[in-house]
Amino acid sequence: MFHFEKLRTRLLLLALALSIFPVAGHAADNLGILGAHPKWAVLENYQGTITHDEFTRLIQHVYCTHGFAPDLFEINEKTARILMNRETQKFFTLRFAENDASRNPVPRLWRPAKSLPLAKLERPLSGLRIALDPGHLGGKWAKMEERWFQVGNSPPVEEGDLTLRVARLLAPRLRQLGAKVFFVRRSNEPVTPKRPDDFKDLARKILIKNGVPQPRLDALDPNDPEKEQTIRWQSEILFYRYSEIRRRAVLVNTKLHPDLVLCLHFNAEGWGDPNNPTLIDTNHLHLLVNGSYLQDELELDDERFEMIRRLLSRVYDEELPLADTITASMAKATGLPPYEYPTTNSTTKVGTSGYVYARNLLATRLYRCPVVYCEPYVMNSHDAFTRIQAGDYDGMRNINGMERKSIFREYADSVVDGLVDYYREARNL
């Protein structure tokens with residue numbers, strides 16, 4: 001997640017450029033990158049499931065903390081009018097419940113902790129469906145994703161490989177505690193059947209729209225300052241950042257139906273040349289839940305719809321206490337301080353731990369269940385790099401003058417401990 005503010009700006013510009021190329025048959029739609037036409041009728045299922053005060057709280061303090069255009073949402077005493085499409089001036093009207101006692105049940109396929117069947121103390125995750133989502137791809141795709149660096153002749157650091165290793169350690173631990181565990185990604189191969197070449201035509205259109213009348217196919221070299229204006233760079237972004245995550249969302253939402261998705265990542269700071277990277281002393285930890293949408297993101301019809309659907313399904317009420325509890329366990333195990341975003345332009349700190357932020361990421365928005373997005377360790381910090389190079393091992397080993405678990409087991413064990421703490425308390429075990 002290094003250079004995240006700069007990257008998010010670039011991708012938002014890409015989204016706004018792509019919105020001029022609507023899905024066939026929906027010429028009036030204003031969609032995000034590879035976005036689908038919103039099914040606003042789905043929100044009819046949420047009529048009378050939320051009160052005015054709760055809806056307003058979630059809008060103001062979780063999802064729209066950076067504000068929104070006044071014509072997007074009109075919140076009245078008994079209803080909220082939500083803009084479906086500015087061109088046609090169509091609105092969806094949501095009716096509020098009069099009070100908590102009169103609320104209709106919230107329709108959802110995932111189950112909150114308190115609604116899970118009875119469990120034994122030694123199996124606090126019994127019946128829980130958990131999907132593990134190892135971030136990125138690794139392997140031959142790592143350089144394309146810019147999640148690769150190498151120091152001298154040491155084995156390269158590839159985030160996608162690291163996260164998959166953590167997931168493979170997590171799975172048996174979670175199953176021993178009673179959970180049903182699924183992998184969103186099982187190998188270094190993409191989940192999407194698409195490849196970068198499938199997006200060349202769209203990449204060319206985007207570049208032309210962005211003021212590059214005759215875009216080059218490829219960069220001159222890896223350090224080419226204009227590589228982002230090439231068809232290859234744009235098509236690769238469309239492949240691994242958008243097609244891949246959207247395909248994972250289809251898998252999560254239509255086949256796996258988990259009660260929780262754990263998105264597993266490692267963090268990083270800017271390392272410069274990946275063949276001669278900068279190692280730093282900084283190391284930190286934070287977790288993410290969905291929220292904190294930017295005003296420009298809310299202008300996209302599909303993102304606005306997806307936000308409202310998440311709000312109404314009340315995933316935040318499960319996500320935040322889960323994230324806070326897992327954070328406490330990870331902070332204790334790793335000893336890492338909380339990450340502080342350099343600006344508050346895209347995030348909102350939430351919860352009580354000081355480690356958890358709300359922000360609008362594609363995975364946390366599209367997965368229709370609670371999502372906890374973990375970002376421990378700075379891969380190019382001196383400490384984390386040494387521990388990554390040490391690999392996985394049983395027991396303790398002296399690393400940087402301290403007796404420590406392998407970084408992979410420390411990560412996995414701390415997540416497990418946090419889940420156990422949360423579900424034991426929530427299920428009154």
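The values are calculated or read from the model by the stated rules, or taken from the named source; none is laboratory data. Everything quoted here is computed from the prediction, not taken from an experiment. Note that we place each Cβ from the backbone using ideal geometry, even for glycine, and neighbour counts take in every protein chain shown. We work out accessible area using only protein heavy atoms, side chains counted, and drop any ligands, DNA or RNA first. Shrake-Rupley method; radii C 1.70, N 1.55, O 1.52, S 1.80 Å.
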Quickly run through the range 242-273 and pick out the residues that are part of a loop (DSSP other than H, G, I, E, B) and of a type outside the set (Asp, Glu). HIS257, PRO258, HIS265, PHE266, ALA268, GLY270, TRP271, GLY272
Please enumerate the residues belonging to the range 386-398 that are in a helix (DSSP H, G or I) and either within 26 Å of the chain's Cα centre (by Cα) or without any contact (Cβ under 8 Å) to a residue 24 or more places away in the chain (or both). THR386, ARG387, ILE388, ALA390
Pairing a residue in the range 109-126 that is in contact (Cβ under 8 Å) with a residue 12 or more places away in the chain with any residue that is part of a loop (DSSP other than H, G, I, E, B) and surrounded by fewer than 13 Cβ atoms within 10 Å (Cβ to Cβ), where Cβ atoms lie under 7 Å and the two sit 6 or more apart in sequence or on different chains, gives SER126/LYS120
Residue within the range 274-287 that is in contact with a Phe, Trp or Tyr (Cβ under 9 Å, 6 or more places away or on another chain), among the hydrophobic types (A, V, I, L, M, F, W, C) and in a helix (DSSP H, G or I) present: no
Selection count where residues are in a helix (DSSP H, G or I), surrounded by fewer than 19 Cβ atoms within 10 Å (Cβ to Cβ) and modelled with pLDDT under 95, scope the range 127-179: 4
Across the range 311-350, the tally of residues that are surrounded by 19 or more Cβ atoms within 10 Å (Cβ to Cβ) and assigned to a loop (DSSP other than H, G, I, E, B) stands at 6
Just to verify a result, which residue in the range 40-63, among those that are open to solvent by less than 10 Å² (accessible area, probe 1.4 Å) and in a helix (DSSP H, G or I), is nearest to LEU320 (Cα to Cα)? VAL62
Selection from the range 72-89 of residues that are at pLDDT 95 or above and more than 28 Å from HIS257 (Cα to Cα): LEU72, PHE73, GLU74, ILE75, ASN76, GLU77, LYS78, THR79, ALA80, ARG81, LEU83
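With the condition kept exactly as written, say whether any residue in the range 69-83 is closer than 18 Å to GLU297 by Cβ and open to solvent by 80 Å² or more (accessible area, probe 1.4 Å). Can you show your working first?
Within the range 69-83, the subset closer than 18 Å to GLU297 by Cβ is 69-73, 82-83.
In the following step, the residues that additionally are open to solvent by 80 Å² or more (accessible area, probe 1.4 Å) were identified as 70.
Among the residues of the range 69-83, at least one is closer than 18 Å to GLU297 by Cβ and open to solvent by 80 Å² or more (accessible area, probe 1.4 Å), which makes the answer yes.
Name the residues in the range 294-310 that are part of a loop (DSSP other than H, G, I, E, B) and either farther than 22 Å from HIS265 by Cβ or modelled with pLDDT under 95 (or both), would you? Step through it out loud before you land on a result.
Going through the range 294-310, the residues part of a loop (DSSP other than H, G, I, E, B) turn out to be 294, 299-300.
Scanning the range 294-310 gives GLU299, LEU300.
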Do we have any residue at all in the range 365-382 that's modelled with pLDDT of 95 or more, within 19 Å of the chain's Cα centre (by Cα), open to solvent by 30 Å² or more (accessible area, probe 1.4 Å) and at negative phi? yes
Among the residues in the range 197-212, are any more than 29 Å from LYS255 (Cα to Cα), under 21 Å from the mean Cα position of the chain (by Cα) and not in a loop (DSSP other than H, G, I, E, B)? no
With the condition kept exactly as written, say whether any residue in the range 90-102 is more than 30 Å from the chain's Cα centre (by Cα), closer than 14 Å to ASP53 by Cα, assigned to a loop (DSSP other than H, G, I, E, B) and in contact (Cβ under 8 Å) with a residue 40 or more places away in the chain. yes
Which listed residue is open to solvent by less than 60 Å² (accessible area, probe 1.4 Å), farther than 30 Å from GLU98 by Cβ and modelled with pLDDT of 55 or more, from HIS37, HIS66: HIS66
What's the number of the only condition in (1) assigned to a loop (DSSP other than H, G, I, E, B); (2) closer than 30 Å to GLY32 by Cα; (3) touching a residue at least 12 places away in the same chain (Cβ under 8 Å) that ALA363 fails to meet? (1)
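Counting only residues that are open to solvent by less than 10 Å² (accessible area, probe 1.4 Å) and over 15 Å from the mean Cα position of the chain (by Cα), which one in the range 285-304 is farthest from LEU83 (Cα to Cα)?
Filtering the range 285-304 for residues open to solvent by less than 10 Å² (accessible area, probe 1.4 Å) gives 285-293, 298, 300-302, 304.
Those left that are additionally over 15 Å from the mean Cα position of the chain (by Cα): 285, 298, 300-302, 304.
Numbers: LEU285: 37, LEU298: 10, LEU300: 11, ASP301: 8, ASP302: 11, ARG304: 9 Å.
Per the criteria, the residue is LEU285.
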Under 6 Å between Cβ atoms, at least 6 apart or on separate chains: pull out the pairs that start in the range 399-421 with a residue that is under 17 Å from LEU287 (Cβ atoms) and at pLDDT 95 or above and end on any residue that is open to solvent by 30 Å² or more (accessible area, probe 1.4 Å) and in a helix (DSSP H, G or I). GLU410/ALA333; ALA412/LEU169; SER414/ALA333; VAL416/ARG173; GLY418/THR325; ASP421/THR325
